[in-house]
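Only the coordinates and a few stated rules stand behind these numbers; no lab work does. Quick caveat, the model's predicted, so the values are computed rather than measured. Cβ placement follows ideal geometry from the backbone for every residue including glycine, while neighbour counts extend to all protein chains displayed.
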């Protein structure tokens with residue numbers, strides 16, 4: 001079974017530019033989550049999709065972040081315009097309805113200069 | 001919301017000795033507590049988890065204990081090996097999202 005995949009693995013952009021991160025969950029997993037780890041701190045929740053619907057987006061930092069999951073398959077997270085504090089590692093995870101274990105992707109390391 | 005605290009932030013252990021990492025949580029409604037291991041440059045991997053109706057769970061050299069009354073849970077690694085070196089994250093889940101601790105960098109000294 002293929003795991004969660006993310007693209008790109010690393011992105012370096014300038015402040016004010018736009019970046020789009022992609023996540024492909026494990027096939028058949030309706031639940032998809034985005035998390036972020038900034039500067040060696042804890043992994044923080046951003047949002048949760050159930051199929052194509054946003055179930056919980058309470059962790060999204062501001063309206064510069066836009067997540068989509070068209071068709072309930074892969075998801076994208078767009079940051080526009082990027083700021084320096086957006087730098088970090090963005091993780092995607094997926095899970096089935098039961099038994100709830102979340103499987104993580106390798107992450108995208110975003111560096112905003 | 002849920003708040004998870006994790007200690008210590010760094011831990012060095014002689015190979016063959018045991019390592020213990022402790023976490024506390026704030027939301028009594030949390031009912032699922034996974035532990036993730038992240039090796040350098042790799043994805044966080046689920047290594048063990050425990051649900052709130054269980055007090056202890058063991059898988060080979062790894063065990064997790066949960067004290068619901070005190071709202072704390074711990075990871076125990078026995079007979080540590082060099083490949084146990086990694087960052088370990090605890091987490092708690094009340095609804096669907098996971099709230100993570102800040103991580104423990106475990107170094108096994110050969």
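Miscellaneous remarks
- Close contacts from the stretch B:88-110, counting a first residue that is within 10 Å of chain A (Cβ to nearest Cβ) and on the phi > 0 side of the Ramachandran plot and a second that is buried (at least 18 other Cβ atoms within 10 Å of the Cβ) and in a strand (DSSP E or B), with Cβ to Cβ under 6 Å and a gap of 6+ residues or different chains, come to B:103/B:87; B:103/B:89.
- Some residue of the stretch B:55-76 being within 26 Å of residue A:109 (Cα to Cα), touching a strand residue (DSSP E or B) at 6+ places or on another chain (Cβ under 6 Å) and touching a residue at least 40 places away in the same chain (Cβ under 8 Å): no
- Every residue from the stretch A:1-16 that is outside any loop (DSSP other than H, G, I, E, B), more than 13 Å from every other protein chain (Cβ to nearest Cβ) and within 15 Å of the chain's Cα centre (by Cα): A:7, A:11
- Among the residues of this structure, residue A:100 counts as one that is within 14 Å of chain B (Cβ to nearest Cβ) and assigned to a loop (DSSP other than H, G, I, E, B).
- From the options A:61, A:106, A:25, A:81, residue that is surrounded by 15 or more Cβ atoms within 10 Å (Cβ to Cβ) and more than 10 Å from every other protein chain (Cβ to nearest Cβ): A:25
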